[in-house]
Amino acid sequence: MQSVFLLSIRRLRAPLILIILVFAFSTVGLTLIPGIDPAGRPWHMTIFEAVYFVAYTATTIGFGEIPYPFTDQQRLFVTVIIYLSVIGWAYLLGSILSIAQDKAFQHAMVSARFRRSVSGLREPFYLVCGLGETGLTVVRVLDHLGTRFTAIDRDEHRVQALEIEALSLDAPVLTADVRSPETLSSAGLLKPECMGVLALCNDDEANLAIAISACLLRPNLPVISRANSPQVAASMAALGTYRVISPSHEFGEHLELAMRAPDTHRLLGWLTSTPGSYLPPSLPPRIPVAPGHWIVCGYGRYGTQVVAAVQRGGFNATIIDPAGLQVAGLRCIRGTGTGAAELREAGVETASGIFGGTDDDTANLAIAIAARRLNPNIFIILRQNLQSSSVLFTKFGADMTMVTSQIIATECIAVLRTPLLAAFLDLTRRKDDLWAYSLAESLRDLLGDEAPSFWSFAIEAGEAPGLLDAMARVAGPVRAGDLSRSAQARQDRVPCMALLLVRGTQTVELPDDDFPLEAGDRLLFAGRRSAEDNQVLVRRNANVAAYVLGERRAAEGWVAEGGGDGGEVGVEAVMVSRQLFRPVDRLLSGVHDRAGSDGLTRSR
Amino acid sequence: MNLEKVVYAFVILLAATLNFGFVYGGIDDAAHHHVWQLFAATTVNMIAVVLKFGDRTHIGAVHQASGLVALLQLAGAALVWFFLAPAGGGPMSDVALSSIVSLAAGALLANIVSVVIMIVDTTIQRR
């Protein structure tokens, strides 16, 4: 910023000197030319009066001839200095305007502002490189989750698109070359608050360059990178990149899972969906079962993955490719797949499914429409390349639509949301349908149809000081279910559920309410935001934690001795802690169904 | 020879010489210090400050600072002159004149620093 100021003022030297000279000349002239005062005596302006007159005349204020009306001699000179000063000011203003319109200057100003706002960031943030469809989707979800980020992209239009996006937090965005390490460090790579780098460019080389810079400049910083080609994915993995997402591979896995365990696929889709989406109804699976055969149109990266997935599922595959590729072990037909003749040749009437996977959205839709006309029951998977064609794809209603940007964004968010979630999702992927179905149903009973929030924490002094303190005081084991108790009435249950517990190297999936907890455990929860707020209170405030864990004495220490059941004491304890701690209006305003028993009851 | 460098050295030297011309003489002797000399010194110092804008080297920064100090001192001297000049003309009082001249003498010191820096900067240039 400073250097920008200095450089621009350097370019204003000539007009500034011209103005100084005009002022000096005018002042000297006005002082030397004699005037006549009202009494008829000759009179000379002082230097101050002259400077004053020139100042208001040159700036076109024009207070008139003071202190006395001028003589003709003076007026002649003033005529000259008016023109001189106008030239001086016009020159200066013109120079200022041309500097302000200078592209280099504007860019310098914008980068200076960007650097300033990045260095002012005091909260943890992610560095997002690449603001294409994928980047924008990720950024929207980050914003929704209240996570800060900085973003860079080479394309000015994309940066502008983000700037007009209605984000709740003002994020620093810059147009710059993402490959340059200097750009990355100006976007906060070296700041300790930077929690991770997301390399989401369309271009594999750029992503690799980002991964290398991050690996060298900030070793051990998580880098989540997109890699379209397997070679680049392998190089990134060799660098120690935290997570490499290759969309085609990811999609192959999705498809395989959808064929093997439709309910697991449905559960995963729900858990990883963007906040605010709903659990799809559990319909009888439409996905075909083996034996049968699939038609794959377009044998590119995605086509390869789909063929591999359906073959693992026990199907035969026929490929239709415009290049006329011959792949051993597959029936290969030359063509685009949009014509009825090609589709008939591939056996569309008897096929179980078809994949429209070329990199042209119109062709994919044409394939799908033709296939559905020839075989109304065929299972259709479409590849959608551009977000802008989503109206057509939604209207068509394929059985599965894969959008590259969506796949990457979903994976990214699943990794970023909270530390243990990725581990839990990996575990879910290996589970069977029944396990997933029962988990989905119990989560839905507890939390409703809307996609849950996730949070995780460790029972350690840093993250759960109050809970740790209370655990030391309370006699008997502390159970996982105790963490789902309401801070207002401990027999009530807040809508949340423990998904995973990690103790050292041991992992416990879905710990039940009776599972005993220990200090140092790490837990992953799914639930509503209100439940998270409730739990934050329990974790931080030792008195609330003691009440929730069932130790009456500690909670009653704050209020009058005796009287009331546990529930009332709890309310007062929270009221006291509210003054001491932080507002919990949302918690207190809820109407709770108080059951007399000590057992957990559900309240929403 | 470079015209830009000639102008630069000319202005900086002129700022120092004009300043010296105003200060030279008995400190409270009104006959030795004329207001036009102060006016000229201030104007040329202003131009010198503008010419020094935008040099990002360390020596450039010191140069700029010395110019600003000189300008500040001269502006102070001009203000004292403006406020203490007797209404309706006539000679300055001794007290007023000595404070004006001592302010201008401070500016002279800054100008000498400026000239020295310019000479040093010139001699360390390798051709």
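Here, each number is a calculation from the coordinates, and none is a lab measurement. Everything quoted here is computed from the prediction, not taken from an experiment. Cβ coordinates were reconstructed from backbone atoms using ideal geometry, including for glycine residues, and neighbour counts include every protein chain displayed.
Below are the figures for this structure:
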| quantity | calculated |
| --- | --- |
| Inverse mean reciprocal Cα-Cα distance (Kirkwood Rh) of the range A:31-131, Å | 18.2 Å |
| Relative contact order for the range A:269-320, counting Cα pairs under 8 Å that sit 6 or more residues apart, in percent | 36 percent |
| Potential extension, A:ALA328-A:ASP360 segment - 0.36 nm per residue separation minus Cα distance | 8.9 nm |
| Proportion of all alpha-carbon pairs of the range A:353-505 beyond 25 Å (%) | 54 percent |
| Peptides A:41-51, A:64-74 ordered by average Cβ neighbours within 10 Å, highest first | A:41-51, A:64-74 |
| Peptide A:13-26 - average C-beta neighbours from other chains (10 Å radius) | 3 |
| Three-way shape call for the range A:126-193 based on the alpha-carbon gyration tensor, with the a/c threshold at 1.5 | oblate |
| Order by protection proxy (mean Cβ within 10 Å, highest first), peptides A:367-376, A:338-347, A:489-498 | A:489-498, A:367-376, A:338-347 |
| Relative contact order of chain A, defined on C-alpha pairs under 8 angstrom at six or more residues apart (%) | 8 percent |
| Helix runs (DSSP H) in chain A reaching 27 Å along axis by Cα, Kyte-Doolittle at least -1.0 | A:13-32, A:72-101 |
| Per-residue mean of C-beta atoms belonging to partner chains within 10 Å, peptide B:43-50 | 5 |
| Radius 10 Å from Cβ of A:LEU467, net charge of other residues (Lys, Arg +1; Asp, Glu -1) | -2 |
| Set of lysines near B:LYS52 by C-alpha distance (under 27 Å), chain-local residues within fewer than 8 positions excluded | A:LYS103, B:LYS5 |
| Förster-model FRET efficiency, 22 Å R0, A:GLU509 and A:ALA237, C-beta, rounded to 0.05 | 0.25 |
| Lys/Arg +1, Asp/Glu -1 at C-beta; the range A:1-103 dipole; positive extreme among A:SER85, A:LEU21, A:VAL4 | A:VAL4 |
| Burial ordering of A:MET400, A:MET259, fewest other beta-carbon atoms within 10 Å first | A:MET400, A:MET259 |
| Within the protein assembly as shown, helix-based [θ] at 222 nm, where runs of 4 or more DSSP H residues each add -39,500 (n - 2.57), nearest 500 | -17000 deg cm²/dmol |
| For q = 0.15, 0.25 Å⁻¹, Debye-computed log10 I/I(0) when each Cα of the range A:194-265 counts as one equal scatterer | -0.52, -0.99 |
| Shielding of A:40-52 by partner chains, average beta-carbon count, 10 Å | 2 |
| Where only C-alpha atoms are counted, convex hull volume of chain A per residue in Å³ | 249 Å³ |
| Over chain B: Kirkwood hydrodynamic radius from C-alpha pairwise inverse distances, Å | 15.1 Å |
| Residues listed by number, the range A:39-54, amide nitrogen under 15 Å from A:THR71 label point at 7 Å toward C-beta | A:39-46 |
| q = 0.18, 0.26, 0.28 Å⁻¹, the range A:475-518: log10 I(q)/I(0) [Debye, one scatterer per Cα] | -0.55, -0.96, -1.04 |
| Shape call, the range A:239-315: gyration tensor on alpha carbons, a/c limit 1.5 | oblate |
| Cα gyration tensor, the range A:216-347 - rounded (a/c under 1.5), prolate or oblate | oblate |
| Label-point separation, A:GLU165 to A:TYR278 (7 Å along Cα→Cβ), nm | 2.6 nm |
| Order by protection proxy (mean Cβ within 10 Å, highest first), peptides A:92-103, A:515-526, B:27-38 | A:515-526, B:27-38, A:92-103 |
| Charge tally in the Cβ shell below 13 Å around A:ALA436, where Lys, Arg are +1 and Asp, Glu are -1, A:ALA436 excluded | +1 |
| Pairwise centroid distance, computed over Cα atoms, of the range B:50-127 with the range A:328-378, Å | 86 Å |
